[in-house]
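Step one of this worksheet: look at the structure below.
Just so you know, all these numbers are worked out from the coordinates, no wet-lab data involved. None of these values were measured; they are calculated from a predicted model. All Cβ positions, glycine included, derive from the backbone under ideal geometry; neighbour counts span all protein chains shown.
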Amino acid sequence: MKALFIGGTGIISSAVSELAVKKGIELFHFNRGKSHRQINGVNHIRGDIRNIEETEKILNGYQFDVVVNWINFIPEHVKADIEIFSGKTKQYIFISSASAYQKPVQKLPINEDTPLYNPYWEYAQLKAQCENLLLDACKKKDFPVTIVRPSHTYDYSMVTTGWGYTILDRMLKGKKVIIHGDGTSIWVLTHNTDFARGFVGLMGKQEAIGEAYHITSDELLTWNRIFQMHADALGVPLNAVHVPTDFIARYAPDRGASLLGDKSHSVIFDNAKIKKLVPDFQCTVPFSQGVQEVVSWYRNNKKWQIADENINSIVDTIISIYENRWVKV
């Protein structure tokens, strides 16, 4: 199999790249070559996918069994890919997002037939629009698209509480951290190596053309548990404040959008569809192991230990205003 990844060195795509190479896939990366992640055995093509004319010249003469664009976020991106890769690949995989599923969730578990409707988060709305464009091209132009919807997929470098290393730094210093809502909503975290097993199994599957799949863990965790596991891995007490999600959104709109449109809702995913097509897909990395990887990475890489003072200011402000909201001035 000959495959092209646009990007290929991100949190999810790096794990998929490593497994693809291990499986004997002839893998090409098309990117600007600026990532700190290096994957052995990959053929590199230097270029900028946003420059359509340049990309078409660089890829002239290439044919691929599979093309995956890991960095498509808006309809204009997929329109360009339909133009560039029509006739150049037997399968084009679009990386969508499970955040595009209906919020609030009306029925659990979520499966691939759950409606795509997220009124809170533009990111999710744009992903859904991209899906519609690609499925229309599949139907009308035989563009061979497969849609994959990751949920919250992480590796050693991602602090899954949100707001990055700053939250670990606050925990280490005994400062308060924010848990949205009452912390009891159910969430799913998927290790990137587990995701890769399902994804590589989809590559080259012609029966996946015109279909959508989510690939997630079956492990269910509350947000209270997720935060506690970070504190436990650091070896410190958890000093948490529960703040309503809409209150957070008032003072941190970007964070609020991802909470209101995704993380504040309980999710349980039915992975029967991916497991049927890829029988060996299973998740073997529990979050208890994954969070240890995260903490170990930051402890051993001082240049990554950067606390964002803007985030600290936002967190302190939200906590101060919320805790003093009944105090009369």
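Residues 89, 114, ranked from the fewest to the most other C-beta atoms within 10 Å, line up as 114, 89. For the chain, what proportion of DSSP beta bridges, expressed in % and rounded to the nearest 5, is antiparallel? Percent antiparallel among DSSP bridges in the chain is about 10.
Comparing 51, 41, 319 along the charge dipole axis of the chain, the residue lying farthest to the positive side is 319, per the Cβ-charge model. In order along the range 161-168, the phi-based Karplus estimate (6.51 cos²θ - 1.76 cosθ + 1.60, θ = phi - 60°) of 3J(HN,Hα) comes to 6, x, 6, x, 4, 3, 6, 4 Hz; Gly and Pro are listed as x. Taking amide H as placed 1.01 Å from N in the peptide plane, residue 308 has its amide H under 5 Å from the amide H of 166, each at least 5 places away in sequence or on another chain. Is the chain best put as rounded, prolate or oblate by its Cα gyration tensor, with a ≥ b ≥ c the root eigenvalues, rounded for a/c under 1.5, and otherwise prolate when a/b is larger than b/c, oblate when not? Prolate. Of the chymotrypsin sites (Phe, Trp or Tyr not before Pro) found in the range 237-329, those in coil by DSSP whose Cβ has at most 16 other Cβ atoms within 10 Å are 326.
Taking the Cα atoms only, what angle lies between the long axis of helix 192-202 and the longest principal axis of the chain, rounded to 10 degrees? Helix 192-202 sits at roughly 30 degrees to that axis.
With N counted as the residues of the range 228-329, its alpha-carbon radius of gyration over 2.2 N^0.38 Å works out to 1.45.
Comparing Cα centroids, the range 56-133 and the range 158-209 end up 20 angstrom apart.
In terms of the mean number of neighbouring beta-carbon atoms within 10 Å, the peptides 41-47, 273-279 order highest first as 273-279, 41-47. Using the charge dipole of the chain (Lys, Arg: +1 at Cβ; Asp, Glu: -1 at Cβ; taken about the Cα centre), state which of 31, 231, 286 has its Cα farthest towards the positive end. Value: 231. Among the trypsin sites (Lys or Arg not before Pro) in the range 107-175, those placed in a DSSP loop whose Cβ has at most 13 other Cβ atoms within 10 Å are 107, 173. Charge dipole (Cα centre; +1 on Lys/Arg Cβ, -1 on Asp/Glu Cβ; no other charges) of the range 114-271 amounts to roughly 400 debye.
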